[in-house]
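Each value in this text was obtained by applying a stated rule to the coordinates, not by laboratory testing. Not measured: the values here are computed from a predicted model. Here the Cβ positions follow ideal geometry from the backbone for every residue, glycine too, while neighbour counts run over all protein chains shown.
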Amino acid sequence: MSSNSLNRAARSGQRTEDEKLLNPPTTETISFTQTDPWRVMRIMGEFVEGFDALADLSTAVTIFGSARTKAGEPHYEAAVEVARLLGESGFTIITGGGPGIMEAANKGAKAGNAVSVGLNVELPFEQHLNPYVDVTVDFRYFFVRKTMLVKYAQAFVIFPGGFGTMDELFESLTLIQTGKIQNFPVILFDSAYWGGLIDWLKNSMLAQGKISLDDLDLLLVTDSPAEARDLILCCREEDEWRLSQESGARHTTRQVLGLKK
């Protein structure tokens, strides 16, 4: 289903697919296509479509932030610059495909001659697909879309945002902390905006033993588009070095043991 169809359904007052899925079961008689077993097949279809569309992407960075940020505002222009610099460094740029920071990042990707990806989702209010997207996939289910935003990224840049941005931030931190995904850069842009959160993490979570000092190290904070790019490039170089060392160690071990390659 296209993003326009998804948004028309939402604007007409129909329930979103997430709402239908998460509502408690009902005893009323409904057609099979409105049941959870049918929804499982639709969810599988969304995963297959996403994997098929994104499987061949090059190294990518996902950029999050508020859909309410306006063109010309400092955060918007900073997101354009971050994405442009990353694009020129060979990264694909992935966003949620909507307005605000998402639009800015996709715009910067185009300016940096990078592939610009937008992963749109059905919402109770209209979220139009911004005009700077090259590759788009439309989703009915938030959790499927969030999987795609994480799966194909080697770094996150988090601009100031609201509940949705916080959800994406803490989901990524949880996945890294629990070892579900490889540790990669999570960069918070704008130290003034995120300063209160960092202080609370230190003075409440860390102080009461709810997280460890190493967990705080998962977060990198910057006010500079160039530094955001450099942090990601540095981490990529470290990963490439580590992989080459591991490959060399495996080769040496095989030689010592007299094994074939």
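List of remarks:
- Taking label points 7 Å from Cα along the Cα-to-Cβ direction, V40 and D56 give a separation of 3.3 nm.
- Taking V61, V150, V40 and counting other C-beta atoms within 10 Å, the order from fewest to most: V40, V150, V61
- Listed peptides 178-184, 189-195 by packing density, highest first (mean Cβ within 10 Å): 189-195, 178-184
- Per residue Cα convex hull volume in Å³ - calculated over the stretch 104-165: 104 Å³
- Relative contact order [Cα under 8 Å, 6+ residues apart], the stretch 51-118, whole percent: 36 percent
- Among the listed pairs K146/K180; K70/K180; K107/K146; K107/K180; K180/K210, those with a Cα-Cα distance over 23 Å are K70/K180; K107/K180.
- Here the Debye sum runs over all C-alpha atoms of the stretch 90-232 as equal scatterers in vacuum, and log10 of I(q)/I(0) at q = 0.09, 0.14, 0.17, 0.19 Å⁻¹ comes out as -0.29, -0.70, -1.02, -1.24.
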